[in-house]
């Protein structure tokens with residue numbers, strides 16, 4: 001039988017692993033010239049790990065950390081994608097029509113947008129998948 005403190009310790013390790021993976025993803029994105037707008041953006045629909053931008057594109061980034069990058073890639077479910085999309089729509093509803101939109105994005109009715117995924121393995125090796133999911137219904 002699993003002891004409650006064992007479960008708590010595993011949860012704490014998993015949380016730390018996720019934060020470390022997000023830190024690695026932020027460093028990768030910034031090294032490639034992107035501006036980080038939000039980390040762990042929460043809405044009533046879910047959370048997006050990172051929201052970033054380049055001069056013309058708003059980028060929603062999901063970070064997945066598992067033992068291997070393959071395990072990370074296979075961990076994204078249709079339900080998670082739906083939560084990410086709903087959270088992105090929520091973010092856009094708040095910020096794209098508001099003067100609070102970060103100045104790094106051009107003032108236009110709707111900037112280009114995309115979903116990227118960064119897969120992180122146990123050794124910290126990261127793979128950035130651009131345009132992992134499109135905003136086809138917009």
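Looking only at region 29-46, which residues are touching a residue at least 24 places away in the same chain (Cβ under 8 Å) and in contact with a strand residue (DSSP E or B) (Cβ under 6 Å, 6 or more places away or on another chain)?
Passing the criteria: 29, 34, 35, 37, 38, 41.
Could you tell me which residue of region 46-56 is modelled with the highest pLDDT, considering only residues that are surrounded by fewer than 17 Cβ atoms within 10 Å (Cβ to Cβ) and out of contact with any helix residue (DSSP H, G or I) (no Cβ under 9 Å at 6 or more places or on another chain)? So that I can check it myself, show each step before the final result.
From region 46-56, those surrounded by fewer than 17 Cβ atoms within 10 Å (Cβ to Cβ) are 47, 54-56; that's our starting set.
Imposing the further condition that a residue be out of contact with any helix residue (DSSP H, G or I) (no Cβ under 9 Å at 6 or more places or on another chain) reduces the set to 54-56.
On the way: 54: 88, 55: 82, 56: 82.
Among them, the one singled out is 54.
Just to verify a result, which residue in region 57-93, among those that are at pLDDT below 80 and either part of a loop (DSSP other than H, G, I, E, B) or exposed (fewer than 15 other Cβ atoms within 10 Å of the Cβ) (or both), is nearest to the chain's Cα centre (by Cα)? Outline the logic, then answer.
Step one: list which residues in region 57-93 are at pLDDT below 80, which gives 66-76.
When the remaining residues are screened for being either part of a loop (DSSP other than H, G, I, E, B) or exposed (fewer than 15 other Cβ atoms within 10 Å of the Cβ) (or both), the result is 66-68, 70-71, 74-76.
Values: 66: 15, 67: 19, 68: 18, 70: 18, 71: 17, 74: 16, 75: 14, 76: 12 Å.
Per the criteria, the residue is 76.
The values are calculated or read from the model by the stated rules, or taken from the named source; none is laboratory data. Just so it is clear, the structure is predicted and the values come from calculations on it, not from any experiment. Quick reminder, even Gly has a Cβ in these numbers, built from the backbone with ideal geometry, and neighbours come from all protein chains shown.
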